[in-house]
1. Using Cα atoms only, what is the angle between the long axis of helix A:106-116 and the major principal axis of chain A, expressed in degrees (0 to 90) to the nearest 10?
2. In debye to the nearest 20, how big a dipole does region B:21-210 give about its Cα centre with +1 on each Lys and Arg Cβ and -1 on each Asp and Glu Cβ?
3. Which semi-axis lengths, in whole Å and largest first, follow from the square roots of five times the eigenvalues of the Cα gyration tensor of region A:1-89?
4. What residues of region B:108-138 lie in the reach of a label at B:VAL178, counting those whose backbone N is under 14 Å from a point 7 Å from the Cα along Cα→Cβ?
5. Could you state the number of Å between the C-alpha centres of region B:14-80 and region A:80-154?
6. Rg and Dmax of chain A over Cα atoms: what are they, in angstrom?
7. Run the helix sum for chain A: -39,500 (n - 2.57) per DSSP H stretch of 4+ residues, divided by residue count, reported at 222 nm to the nearest 500 deg cm²/dmol.
8. On each of the three principal axes of the Cα atoms of region A:37-114, give max minus min coordinate, whole Å, ordered largest first.
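Read-outs throughout are calculated quantities, based only on the coordinates presented, and are distinct from any laboratory measurement. Model, not experiment: these values are computed from the prediction. As a convention, Cβ positions derive from the backbone with ideal geometry for all residues, glycine included, and neighbour counts pool all protein chains shown.
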Amino acid sequence: MTGAPDIRSAGRRQTMALSIFLLIQTLAAVFFVGDVIGDLREDPGSVHFIFEAFVTGTLVLGILFGAFALRRTIELLRAQDQALAVARGALSDVIDRQFQSWALTPAERDVGFLALKGLDVAEIAELRGAAQGTVRAQLTRIYSKAGVSGRAQFAAFFVEDLLGEGVPTQVAEAS
Amino acid sequence: MASPRTRSIAPPVAPPDLWDPVVRLTHWGVAVAVLLNALVTKGGSLTHVSLGWLVMALLLLRLVWGVLGPAEARFSAFPPNPVAAARHLRQLLSGQPGYYSSHNPAGALMVYVFWAALAVVTATGLILTGGATPMRVAAEKAAVASGDWSALIVKSDGESSDDEDKGLRHTAEEVHEVAANLLLFLAALHVAGVVLESRAMRRNLVKPMILGDAHRRK
């Protein structure tokens with residue numbers, strides 16, 4: 001489950017790179033403005049001055065837009081972070097409650113969670129320090145308590161809620 | 001300014017886990033440049049002038065960010081409010097500082113004074129160099145070094161009378177030094193404040209200014 005932190009640190013690296021770029025741009029703009037003011041004192045009417053002033057103005061505008069875009073990116077990253085945390089918490093709440101209503105024993109709950117995370121029987125057995133036969137028996141009991149035919153249906157039980165009415169609409173769109 | 005929204009009630013999450021990259025860059029950039037210029041580089045040297053221009057760029061970027069940046073970096077998140085600052089200091093002394101999502105009111109006040117001092121230092125620095133960019137300073141120095149003294153003559157042959165010019169330069173120099181010393185004093189005060197506040201809040205306030213919890217794995 002290293003996916004989320006990776007996205008996060010990638011986003012951080014990206015915003016940091018953008019900020020450094022923004023700083024270099026600002027530095028360049030400050031130098032140019034200083035130069036333009038120097039030219040202004042010497043010869044305000046020259047083509048050189050007008051052109052340079054135009055370029056500098058464009059650079060400053062670019063910085064402002066860049067800063068604004070960076071702000072949006074930072075806020076977007078934060079919103080995603082928060083949404084992800086909420087979704088994660090909500091899903092594990094839902095699973096917890098469902099396991100309770102099926103009256104799973106604590107051991108069965110653990111095995112159920114691991115199965116939902118995609119671990120196979122051998123891995124679960126190794127993690128729990130139990131025999132594979134035990135895990136297989138526990139899984140069978142979980143499936144029968146939940147009234148599902150097997151692992152696929154067991155996982156689908158929770159995914160289905162998240163999908164909402166995804167299937168019918170997509171079929172309708174396709175036709 | 002009644003009950004600013006910077007005051008969060010529950011849960012106490014303050015200040016941010018990680019300041020945004022622009023705030024961090026400008027903070028450490030200014031810190032390093034000011035320390036170098038105050039303690040290491042020689043006044044009027046090319047390095048000194050270049051660092052001064054860098055500080056000017058950092059300050060401008062931070063001020064732009066104070067309008068365009070994310071919520072906790074904007075001026076509206078930490079308005080200058082001496083009354084709130086005094087209240088915060090009293091709370092700090094009693095060991096129960098309030099929580100704020102941006103700078104605390106005392107820190108905010110210091111931030112504004114610091115920016116003002118930075119602006120004064122750069123402005124007087126510009127007066128002292130005649131607004132010459134580092135490129136121009138380098139060119140003049142190279143010209144003088146090669147025996148062409150005309151660069152110096154053009155400068156002192158300016159529009160205003162020499163006496164007036166000298167008076168202005170003298171004042172600028174004085175102000176430049178006083179403001180620079182003020183910066184060092186404020187920096188020391190700032191470090192002391194961070195230490196005190198971190199102790200009182202039992203929270204490392206330095207980490208959010210460096211990498212936050214970027215390397216924390218759950």
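1. The angle comes out at about 50 degrees.
2. 1340
3. 42, 11, 7
4. B:117, B:120-121, B:124
5. Region A:80-154 and region B:14-80 have Cα centres separated by 51 Å.
6. When restricted to Cα atoms, chain A yields Rg and Dmax of 29.3, 91 Å.
7. -30000 deg cm²/dmol
8. If we take the Cα atoms of region A:37-114, the spans are 87, 16, 14 Å.
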